[in-house]
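The next block holds one structure in the form of structure tokens; read it before the comments.
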Amino acid sequence: MSNLLEGKSALILGVANKWSLAYAIAEAFRREGACLYLTYQGDRQRETVETIGAELGASRVMACDVSKDHELEALTQTLRSAPGRIDAVVHSIAFANREDLARPFLETSRAGYQLANDVSAYSLVAVARACAPLMTAGGSITTLSYLGSVRVVQNYNVMGVAKAALEAAMRYLASDLGPRNIRVNAISAGPIKTASARGIKDFSSILDYVAQRAPLRRNTDPAEVADAAVFLASDLGRGVTGNVIYVDAGFQIMGV
Ligand code: NAD
């Protein structure tokens, strides 16, 4: 590749460890010459993400729990002092109670529904509002979604509903922010073994099913998701906004 993100500052939220999709994205952004700003959710992840940040040459590693408005405000203040301008934001964050990813969707509690939607969908709105004032030269906001937003996937349950809200929020944000030349898109990734994915009951059977039936007859590699994120953040993606781009070995086209 060839420095597709040279001169750009990128804020990446959602690195927890080396299996995180956000980690693969950070690696690819670094490869393409971006200046990286990483966040971690809380103290439990601090050391790991700081080590990853050092390894990737990140300019800064900051705490940000997206369910806390004051942490988002602090993030904006920190980024305003340096680098001052942000060109690309990657939102790679989701959470639902484990029991809601194992029992029938019908059993979802009000609290579980609100939690999943707050952390996994509303947070995109909150992050976009916090970052847009720093995106003074326009830029790109990318979130991560999954097929469970539009199809029923076993045990994905409340997270599927949250991803539907996330994709709708992405479109409304694309409309609001387009006049400022800020593009907002989602990448719908195929299933990949990460810490979050392991919270979904029988996740490995989903991996097997997809590998057998996807047109490419295999699962998705995190690096493939990361390269799509590079495209969206780069000037190559300048005409693309309000889209859900599937990086899933083609699985989403298949019927019977
Ligand atoms: P992951 O567990 O590595 O990443 C999830 C991240 O969300 C973690 O870094 C976690 O700290 C963060 N997070 C959760 N609650 C937070 C909060 N309140 N504040 C800040 N951060 C918080 O797993 P992943 O699979 O890399 O997930 C990243 C994104 O990709 C998620 O949106 C997920 O739904 C999406 N996705 C994953 C797959 C897959 O199969 N792994 C497929 C499609 C989409």
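The values are calculated or read from the model by the stated rules, or taken from the named source; none is laboratory data. Keep in mind that this is a model prediction, so the values were computed, not measured. Please note: Cβ atoms are built from the backbone with ideal geometry, for glycine as well, and neighbour counts cover all protein chains shown. In case anyone asks, the SASA skips ligands and DNA or RNA and just uses the protein heavy atoms, side chains included. Shrake-Rupley method; radii C 1.70, N 1.55, O 1.52, S 1.80 Å.
Name the residue, out of Ser196, Ser205, Ser175, that is open to solvent by 10 Å² or more (accessible area, probe 1.4 Å) and under 20 Å from Thr136 (Cα atoms).
Ser175
Assuming Asp176 fulfils every condition listed in (1) in a loop (DSSP other than H, G, I, E, B); (2) more than 15 Å from the chain's Cα centre (by Cα) apart from one, which condition is it?
Against the list (1) in a loop (DSSP other than H, G, I, E, B); (2) more than 15 Å from the chain's Cα centre (by Cα), Asp176 comes up short only on (1).
Hey, among Ala223, Ala164, which residue is surrounded by fewer than 18 Cβ atoms within 10 Å (Cβ to Cβ), within 15 Å of the chain's Cα centre (by Cα) and farther than 29 Å from Glu32 by Cβ?
Checking each option against the conditions leaves just Ala164.
Give the residues of the range 234-256 that are at pLDDT below 95 and closer than 23 Å to Ala223 by Cβ, sorted by residue number.
none
Which condition number in (1) within 13 Å of the ligand (Cβ to nearest atom); (2) more than 16 Å from Val225 (Cβ to Cβ) is the one that Ala16 fails?
Failing condition for Ala16: (2).
Cβ contacts < 6 Å: first residue at pLDDT 95 or above, restricted to the range 212-223; second residue open to solvent by 100 Å² or more (accessible area, probe 1.4 Å) and more than 12 Å from the ligand (Cβ to nearest atom), any location; separation 6+ or different chain. Result?
Partner pairs satisfying both residue conditions: none exist.
Within 15 Å of Tyr146 (Cβ to Cβ) and either touching a residue at least 40 places away in the same chain (Cβ under 8 Å) or within 12 Å of the ligand (Cβ to nearest atom) (or both) - does that describe any residue in the range 172-184?
No - not one qualifying residue is present in the range 172-184.
Give the residues of the range 36-73 that are touching a residue at least 24 places away in the same chain (Cβ under 8 Å), closer than 19 Å to Phe95 by Cβ and part of a helix (DSSP H, G or I), sorted by residue number.
Gln45, Thr48, Val49, Asp69, Leu72
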